[in-house]
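Engineer: Got a structure here, written out as structure tokens. Questions coming.
The values are calculated or read from the model by the stated rules, or taken from the named source; none is laboratory data. For clarity, every value in this text was computed on a predicted model and none was experimentally measured. Cβ atoms come from the backbone with ideal geometry, glycine included; neighbour counts cover every protein chain shown.
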């Protein structure tokens, strides 16, 4: 079974990645289990940040790596929080702080449209010149009050247009089917199946 390091320190992301890739012939190993710390994310795009995280984890472990970079982008805030979603309220923030700041920023805005975006990168080694990159987008809008108790991040204030429910009201199974990360991972899964099944 092929070992792949997951370049994230976010336990919630890790659970979603494990669930969506569970039927592949791979062993998923969190980078923290191998003593790999988080690396800097110096770029202005999700894809570039995901790629540098994957390369860093792969170089430290000599294993193939998967990295995710994702966030929420609000139309009336010119795409913010974007790549700063996890630290929108500052470096020593938590989900509650980030939600409060976003709700405050939108207090007088009529346009509350937003989308979650996810970029997933897979590399075979740290110098891989042909990384596999997949993307997913989840359309919705920012609620005025929190709803639901599932999920993490901005899920309690993000309403999915198709279900008219917040992301935090959805079951984990449904969220994994329709979310930004779920869509990106489904695309990645198809590419990994070709890589690991058809080449055996």
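Engineer: Return the total of residues in the range 32-67 being modelled with pLDDT of 95 or more and closer than 11 Å to residue 8 by Cβ.
Structural biologist: Total meeting the criteria: 7.
Residues checked against (1) modelled with pLDDT under 95; (2) in contact with a strand residue (DSSP E or B) (Cβ under 9 Å, 6 or more places away or on another chain); (3) surrounded by fewer than 20 Cβ atoms within 10 Å (Cβ to Cβ):
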site	(1), (2), (3)
101	no, yes, yes
106	no, yes, no
132	no, yes, yes
149	no, no, yes
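Engineer: How many residues are touching a helix residue (DSSP H, G or I) at 6+ places or on another chain (Cβ under 7 Å), crowded, with 18+ Cβ neighbours inside 10 Å and assigned to a strand (DSSP E or B) if we restrict to the range 1-41?
Structural biologist: Adding up the residues that qualify gives 3.
Engineer: Conditions: (1) farther than 29 Å from residue 104 by Cβ; (2) touching a strand residue (DSSP E or B) at 6+ places or on another chain (Cβ under 8 Å); (3) modelled with pLDDT of 95 or more. Residue 178 meets all but one. Number of the miss?
Structural biologist: Only one criterion in (1) farther than 29 Å from residue 104 by Cβ; (2) touching a strand residue (DSSP E or B) at 6+ places or on another chain (Cβ under 8 Å); (3) modelled with pLDDT of 95 or more is unmet by residue 178, namely (1).
Engineer: Based on this model, can you work out whether residue 155 counts as closer than 24 Å to residue 8 by Cα and either buried (at least 20 other Cβ atoms within 10 Å of the Cβ) or touching a helix residue (DSSP H, G or I) at 6+ places or on another chain (Cβ under 6 Å) (or both)?
Structural biologist: So residue 155 passes the test.
Engineer: Look through the range 63-94, keep the residues that are touching a residue at least 60 places away in the same chain (Cβ under 8 Å) and more than 22 Å from residue 191 (Cβ to Cβ), and return whichever of them is surrounded by the most Cβ atoms within 10 Å (Cβ to Cβ).
Structural biologist: So the residue we want is 72.
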